[in-house]
Amino acid sequence: MFENTEVTITRDCDAIQIPSGNALIIEAGTPVLITQSLGGSYTVALNQGLARIAEKDADALGIDPSTGSANTEAAPAGGEEATIEQVWDKLKTCFDPEIPVNIVDLGLVYDCQKIQTEDAGTKVEVKMTLTAPGCGMGPAIAADAQSKILSLNGIDEAIVELVWDPPWNQSMISEAGKMQLGMI
């Protein structure tokens, strides 16, 4: 929706440098090119390389976060607890900022379980990997997944663990992901 759009940052804003994962502040007045806007976050190109800007800072790009987000899914009616299918759907709104395919179709999510806790709460445990073990964006992608899971009704706790076994490879990409990447 906003890809390949040149904008000027309207206020100082937090960002995460890609691929190192280091935090940085992009100063007001900095020109950037939005290269990807998926799952509510924005990948921008600037003089220092690429950076990821979270949905909460979309206004610094001149985007209204309430309309700029790709996440328009309504909460379950009547306060019902989210289903495991809704958890998987929410994970499909998480993206590696360098690859325009969600983490589920990219084959990065190895396991997702919804568990009732002893205190009658609901916990979701996710095991996921990255395309490369040295990727500094891992903690940011995991935190994004955790935050989105916690936004679902009835989910009290979310644990997203980065694992390296089995190592990720391109055969783990879904057919839909391969089509998005032009691999088939």
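The values are calculated or read from the model by the stated rules, or taken from the named source; none is laboratory data. Please read these numbers as outputs of a predicted model, since none were measured by experiment. Here the Cβ positions follow ideal geometry from the backbone for every residue, glycine too, while neighbour counts run over all protein chains shown. Side chains are part of the model used for accessible areas, which takes the heavy atoms of the whole protein and leaves out ligands, DNA and RNA. Shrake-Rupley method; radii C 1.70, N 1.55, O 1.52, S 1.80 Å.
The residues of the range 58-184 present an accessible area of 50 Å² per residue when probed at 1.4 Å with all protein chains retained. Only lysines eight or more places from Lys123 in sequence, or on another chain, were considered; those with a Cα closer than 18 Å are Lys90, Lys114, Lys148.
When the Kirkwood radius is taken over all Cα pairs of the chain, what Stokes-Einstein diffusion coefficient follows at 4 °C and 1.567 mPa s, in µm²/s? Once the numbers are plugged in, D ends up at 75 µm²/s. Annotation for Ala28 and Glu157: the two label points, set 7 Å from Cα along the Cα-Cβ direction, are 4.2 nm apart.
What's the angle, to the nearest 10 degrees (0 to 90), between helix 138-150's Cα axis and the longest principal axis of the chain? Helix 138-150 sits at roughly 60 degrees to that axis. Simple rule: put +1 on each Lys or Arg Cβ and -1 on each Asp or Glu Cβ in the chain, find the dipole, and look at Gly29, Gly40, Pro139; the Cα lying farthest toward the positive end is Gly29.
Rounded to the nearest 0.05, what FRET efficiency is calculated for Thr117 and Asp165 with R0 set to 25 Å and r the Cβ-Cβ distance? E(calc), rounded to 0.05, equals 0.40. The lysines within cross-link reach of Lys178, meaning a Cα-to-Cα straight distance under 19 Å and a gap of 8 or more places when in the same chain, are Lys92. Look at where the Cα atoms of the range 124-184 and of the range 1-45 average out, and the two centres are 21 Å apart. Listed by chain and number, the aspartates and glutamates placed with their C-alpha closer than 15 angstrom to that of Lys127 are Asp105, Asp111, Asp144, Glu157, Glu161, Asp165; residues fewer than eight positions away on the same chain are left out.
Computed in the context of the full set of protein chains, the accessible area of the chain at 1.4 Å probe radius has 51% of its extent on carbon or sulfur.
Take the Cα of Ser174, step 7 Å toward its Cβ, do the same at Tyr110, and the gap between the two points is 2.0 nm.
Kindly state, to the nearest 0.05, the FRET efficiency for Asp59 paired with Thr83, given R0 = 25 Å and r defined as their beta-carbon distance. All intermediate terms of the calculation are to be shown ahead of the outcome.
Working: r = 32 Å, r/R0 = 1.30.
Rounded to the nearest 0.05, the efficiency is 0.15.
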